[in-house]
Amino acid sequence: FMEDINNILNSGDVPNLYNAEDQDRIFNACKADCQKKRLPVNKLNIMTQYLNRVNKNIHVVLCMSPIGDVFRSRLRMFPSLITCCTIDWFSPWPSSALDSVAKSTLKSADLNLQQLLNPVVEICCHIHQTVETASKAYFDEMRRYNYVTPTSYLELLSTYKTLLLEKRQEVGSLKLRLQVGLDRLLSTAEEVELMQEQLRKMQPELEASEKDVESVMEEISRDTVTAQETKLVVEKEEEEARAKAAETQTLADDAQRDLDEAIPALHQAVACLNRLKQSDLVEVKALARPPAGVRLCMEAACIMMEVKPIRKVDPTNPSKKTDDYWEAAQKNLLNDPKGLLQSLINFDKEGIQESTIQKINPYIAREDFTPAEIGKASQACEAICMWVRAMHKFYFINKEVA
């Protein structure tokens, strides 16, 4: 990384950065510059004009810590960090700046410090300045640096705010729990006293209830006869429930038959994938300008496997961007042919999302997205097309069965 930054600072270029397509775009963009300056239109002059553009427009901002030997080593290994950069050293803040920054930071945080604001600001300034003094004494005695920068002061203020809010929340939570507990104890004591009073008043009623229980028992005996009649009704309803269960089983069997229809298509797609060779997929990846059938098939595969497209400028309308599934397929699917075959064979067909099916429906409806049509462009893509269509059919059959 530092070597690339060194090259950018020194010459504005990184060796071996551009592929053939990038070089073509650079040639088309900077060819006019050579013609305006009446220079021979060759690769050297065009790259020179391109680097002139880069040097005029690129801005590099680097921030490094001087702590340890890493900083010194980088300066020795990459001299452009010194010769091609403007170095800004951060100077210590005076007391007035520390005071002003602390007040502004603590006020903006809405900590509601009120009369405690000034004492808190003073102690923060004192802590920072004390550490600065101790760091200087440490250097004088041990000849080793302990860097105390304005960033350290800002981190001190940030830590104070975070800790204050956490402690306030913690204390407030404990206070609330204590208050809730006290309220419950008081309310429980009142309820117990009230219940005791009610029990004393209800004593005569309890005695009367005993007599009522005896009469109820007599009624229960009479109701037993009625319960026998109800049992007959329940048995009849149970027979109706069994009939409905049998009907439900019939529906389940129909759904299973639909699933059995989808399984052969799925097995056929898997068998076709098993016959594929890694070299077939390597040939597909190597296509610089793939046929429309290959692009269409890989788009559907990316959608089914939830691979996000790459947003690129629309060649027909530079002001808009379009989804490029082909480059995404090259990077995420075709980059590992063996892994792609295993992913297709072991795909979690039970976990297909409805949103994925909604995206894939337009492809299934297309007349040019059939194994026969796709097979004209690529044998490997024909197998992938069969797999996509099998997954689409399996989703709907599995949904009915579930």
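The values are calculated or read from the model by the stated rules, or taken from the named source; none is laboratory data. Please read these numbers as outputs of a predicted model, since none were measured by experiment. Please note: Cβ atoms are built from the backbone with ideal geometry, for glycine as well, and neighbour counts cover all protein chains shown. What goes into the accessible areas is simple: the full protein's heavy atoms, side chains included, and nothing from ligands, DNA or RNA. Shrake-Rupley method; radii C 1.70, N 1.55, O 1.52, S 1.80 Å.
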Only one of Val313, Val282 is open to solvent by 60 Å² or more (accessible area, probe 1.4 Å), closer than 25 Å to Ala20 by Cα and in a strand (DSSP E or B), namely Val313
Please go through region 89-111 and pick out each residue that is in a loop (DSSP other than H, G, I, E, B) and crowded, with 16+ Cβ neighbours inside 10 Å. Trp93, Ala109, Leu111
Return the residue satisfying two criteria in turn: it lies in region 347-402 and is acidic (Asp, Glu) and part of a helix (DSSP H, G or I), and of such residues it is modelled with the lowest pLDDT. Glu400
Hydrophobic (A, V, I, L, M, F, W, C) and loosely packed, with under 14 Cβ neighbours inside 10 Å, is that true of Cys85? yes
Looking at Arg53, Arg38, Arg74, can you tell me which residue is out of contact with any strand residue (DSSP E or B) (no Cβ under 6 Å at 6 or more places or on another chain), open to solvent by 80 Å² or more (accessible area, probe 1.4 Å) and farther than 30 Å from Ala20 by Cα? Arg74
Exactly one of Ile345, Ile364, Ile352 is closer than 25 Å to Phe396 by Cβ, touching a residue at least 60 places away in the same chain (Cβ under 8 Å) and not charged (D, E, K, R), and that residue is Ile345
Subset of region 23-70, residues of a type in the set (Ser, Thr, Tyr) and assigned to a loop (DSSP other than H, G, I, E, B), comes to Ser65
When only residues in region 24-35 that are open to solvent by 70 Å² or more (accessible area, probe 1.4 Å) and without any contact (Cβ under 8 Å) to a residue 12 or more places away in the chain count, which is farthest from Pro315 (Cα to Cα)? Gln35
Which count do you get for residues in region 341-359 that are among the hydrophobic types (A, V, I, L, M, F, W, C) and either under 23 Å from the mean Cα position of the chain (by Cα) or over 28 Å from Glu283 (Cβ atoms) (or both)? 3
Hey, among Ile360, Ile374, Ile364, Ile345, which residue is within 22 Å of Ala288 (Cβ to Cβ) and of a type outside the set (Asp, Glu)? Ile374
